[in-house]
Amino acid sequence: MTLPAIGAAVIYTVMFWWVSTGVILWLDRLPRTTHRWSLIGASAVAALAVFGLIANDATLTPMGAVLSFSCALAVWGWHELSFLTGLITGPRTTRCPPDAKGWRRFRLAASTLIYHESALVLTAGLLFAVTWGAPNQIGAWTFIILLVSRLSAKLNIFLGVPNFSDVFFPDHLRYLGSYLRKSGVSALFPISLAAGCALAAAEAVRALHPGAAAFEAVGFSLLFALTALAIVEHAFMVLPVADTALWRWAMPAAKTPDGPALDL
């Protein structure tokens, strides 16, 4: 597999991530009367994506890897839109009490997201179930990387990081910001970065291996790029750099204060 083809796979991942995140933010910023139609359209796309994963699970070509990867991202996008529109969040919809600390604060924070996080875990299990034993599982692993990265980001921000912004939360979810904390990093942060770097290195080795087939090279290049993006998003938690400007086009009416946006 040539380096230009691998580079193209990495560029595709970055562009898909940037554009799809922007589209979800833009749809969420539309009047709430439009959210029903956005969710109906997203549900249709997600259903087609699941069908695409099943129909493509034996295709061991570069395009097969790209299609499975893209289908998994489409399913993930449905979950993110359902969360941001408030369709699937958690039973608690109020701010964190000022005196909540320790386990109580964690329990209350978890109750604001538990339905959404549970839906993500169930979907990950579904994607592995429908592709179980199939040679092409790029889609299932794509979803797992997104899920683990999200959980890591949320836990790190809950425990405390120096830099984050809640600008991506719409007004009806603004209460979620009260459960997060700006402080020095916890012991989890270096562990998260080290694990992400180790996974990215392993994926890069598989993609660049001289004996790798074209499917394997492209598939692991896509997974490497996705993992690298997760590492960058974690890095923004400790760097005095605002990444919200990346999606200013999708949120023209939203303020973009200093600090990285919360991982979606």
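The values are calculated or read from the model by the stated rules, or taken from the named source; none is laboratory data. The model shown is predicted, which means the values in this text are computed figures rather than measured ones. Cβ sites come from the backbone with ideal geometry, for glycine too, and all protein chains shown count toward neighbours.
Please verify whether the range 101-112 includes one or more residues that are under 13 Å from the mean Cα position of the chain (by Cα) and either of a type in the set (Phe, Trp, Tyr) or part of a loop (DSSP other than H, G, I, E, B) (or both).
No, the range 101-112 contains no residue that is under 13 Å from the mean Cα position of the chain (by Cα) and either of a type in the set (Phe, Trp, Tyr) or part of a loop (DSSP other than H, G, I, E, B) (or both).
Run GLY64 past the list (1) surrounded by fewer than 18 Cβ atoms within 10 Å (Cβ to Cβ); (2) assigned to a helix (DSSP H, G or I) and report the number of the one that doesn't hold.
(1)
Run down ALA134, ALA187 and say which single residue is over 19 Å from TRP17 (Cα atoms), surrounded by 14 or more Cβ atoms within 10 Å (Cβ to Cβ), modelled with pLDDT under 95 and of a type outside the set (Lys, Arg).
ALA134
Which one of GLY22, GLY41 is out of contact with any Pro (no Cβ under 6 Å at 6 or more places or on another chain), closer than 30 Å to MET251 by Cβ and in contact (Cβ under 8 Å) with a residue 40 or more places away in the chain?
It is GLY22.
Just to check your reading of the model, which residue among ALA74, ALA47 is farther than 16 Å from SER20 by Cβ, at pLDDT 95 or above and among the small types (Gly, Ala, Ser)?
ALA47
For ALA47, indicate whether it is of a type outside the set (S, T, N, Q), without any contact (Cβ under 8 Å) to a residue 40 or more places away in the chain and either buried (at least 20 other Cβ atoms within 10 Å of the Cβ) or closer than 18 Å to ALA129 by Cα (or both).
Judged against the criteria, ALA47 is a match.
Right, ARG92: surrounded by 15 or more Cβ atoms within 10 Å (Cβ to Cβ), over 15 Å from ALA235 (Cα atoms) and over 21 Å from the mean Cα position of the chain (by Cα) or not?
Considered against the rule, which asks whether it is surrounded by 15 or more Cβ atoms within 10 Å (Cβ to Cβ), over 15 Å from ALA235 (Cα atoms) and over 21 Å from the mean Cα position of the chain (by Cα), ARG92 comes out as yes.
Kindly provide the set of residues from the range 164-209 that are part of a helix (DSSP H, G or I), of a type in the set (Gly, Ala, Ser) and closer than 19 Å to ARG95 by Cα, ordered by number.
Answer for the range 164-209, where residues must be part of a helix (DSSP H, G or I), of a type in the set (Gly, Ala, Ser) and closer than 19 Å to ARG95 by Cα: GLY177, SER178.
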